[in-house]
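Here's the structure we're looking at; comments come further down.
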Amino acid sequence: MLIVLFGPPGAGKGTQAEPIADRLGVPKVATGDVLRAAVRDGSPRGLEAKAAMDRGDLVPDDVILAIMEETLARPSAARGAILDGVVRTVPQAEGLSAMLGRLGRRLDAVLTFEVPDEELVRRLSGRTVCEKCQTPYTSREPGTECPRCGGQLVRRRDDEPEAVRNRLAVYHRQTAPVLEWYRKNGTRIVSIDAMGTPDEVTRRALKAIGRP
Ligand code: AP5
């Protein structure tokens with residue numbers, strides 16, 4: 001199955017990508033994680049993306065589409081993938097659709113995670129992430145150890161209040177219209193109530209795609 005996880009910053013896309021991918025037996029791809037790794041490595045792609053990411057702006061569409069082209073070419077993605085945060089503009093949706101058409105593939109669904117803005121701000125202001133495995137946490141201090149892999153937990157620069165405000169504005173202005181594009185395009189859109197515990201949200205998402 002090829003599924004896009006869609007929703008505002010803090011909706012839980014990163015939290016849900018792994019359990020859903022594990023259940024379906026396909027890899028997960030998060031453009032945010034790929035870009036942060038490029039920034040850490042100091043690669044040309046990372047240098048191009050860093051300033052926009054720190055401000056909470058989107059990186060250019062051609063950078064995202066290049067990441068998708070590389071991802072879909074991997075043998076591990078032949079049976080499908082969970083695409084976390086991959087499609088954030090209409091040109092990205094168009095580019096991905098054209099790419100899939102050339103490969104004779106199509107999206108099975110767009111899962112859109114619904115969370116009120118005030119809960120998003122609450123989640124992001126308390127988040128730390130593991131520098132190594134990228135797992136997000138809600139109530140663990142920066143500088144402590146990741147319980148999963150022993151990496152160090154850090155605060156993301158774009159979780160500072162000003163960048164969070166900008167990310168939410170960018171989401172409403174540039175990303176939310178993508179859903180309308182998918183609707184017109186006939187892609188299956190599944191709305192998931194993403195309040196409640198992460199396990200509850202995973203169960204709702206799997207049930208909604210017929211894989212409880
Ligand atoms: P990215 O890393 O994708 O950030 P984002 O979309 O802003 O999403 P987040 O990672 O902030 O939130 P999430 O929905 O994954 O929530 P999470 O599971 O962590 O992108 C970063 C930047 O990269 C972008 O701003 C942009 O610059 C660039 N970029 C990436 N993709 C791009 C693209 N396609 N086009 C252009 N630019 C792109 O959860 C948040 C917190 O809530 C965590 O602490 C978590 O533990 C907690 N939580 C999760 N679920 C629950 C729950 N059910 N109850 C309580 N707490 C919960």
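The values are calculated or read from the model by the stated rules, or taken from the named source; none is laboratory data. Nothing here was measured: the structure is a model prediction, and the numbers come from that model. Virtual Cβ from ideal backbone geometry, glycine too; neighbours counted across all protein chains shown. Protein only, heavy atoms only, side chains kept; ligands, DNA and RNA dropped before computing areas. Shrake-Rupley method; radii C 1.70, N 1.55, O 1.52, S 1.80 Å.
Solvent-accessible surface of the chain, averaged per residue with a 1.4 angstrom probe and all protein chains in place: 49 square angstrom.
With bins 10 Å wide beginning at 0, the percent of Cα pairs of the stretch 1-56 falling in each bin runs 22, 41, 31, 6. Please work out, to two decimal places, the log10 of the ratio I(q)/I(0) at q = 0.15, 0.17, 0.18 Å⁻¹ from a Debye calculation in which every Cα of the chain carries one identical scatterer. Listed by q, the Debye log ratios stand at -1.00, -1.34, -1.54.
Given Cα pairs under 8 Å that are at least 6 residues apart, what percent is the relative contact order of the stretch 1-121? If you can, show how the numbers build up before the last one.
Values: 152 pairs, mean separation 58.8, N = 121.
So the answer I get is 49 percent.
Here the stretch 180-212 and the stretch 44-116 have alpha carbon centers that stand 18 Å from each other. Of all lysines in the structure, those lying under 24 Å Cα to Cα from Lys207, and not within fewer than 8 positions of it along the same chain, are Lys13, Lys28. The calculated pair-distance distribution of the stretch 165-212 uses every alpha carbon pair, bins of 5 angstrom beginning at 0, and gives 5, 17, 17, 16, 23, 17, 4, 1 percent. Over all pairs of different C-alpha atoms in the stretch 92-212, the reciprocal of the mean inverse distance, the Kirkwood hydrodynamic radius, equals 16.9 Å.
By a 1.4 Å probe calculation restricted to protein chains, Glu145 has an accessible surface near 130 Å², given to the nearest 10. Summing charges over neighbours of Arg102, with a neighbour being any other residue whose Cβ is under 14 Å away from its Cβ, gives 0 when K and R count +1 and D and E count -1.
What is the log10 of I(q)/I(0) for the stretch 1-119, computed with the Debye formula using one identical point scatterer on each Cα and no solvent, at q = 0.11, 0.15 Å⁻¹? Log10 of I(q)/I(0), two decimals: -0.36, -0.68.
Over all pairs of distinct alpha carbons, what does the Kirkwood formula give as the hydrodynamic radius of the stretch 40-88, in Å? Intermediate results must be reported in sequence, preceding the final value.
On the way: mean 1/r = 0.0823 Å⁻¹.
Averaging 1/r across every pair of different Cα atoms and inverting gives 12.2 Å.
Among Ala66, Ala81, Ala163, the largest mean-square fluctuation in a Gaussian network model of the chain (Cα springs under 10 Å) belongs to Ala66.
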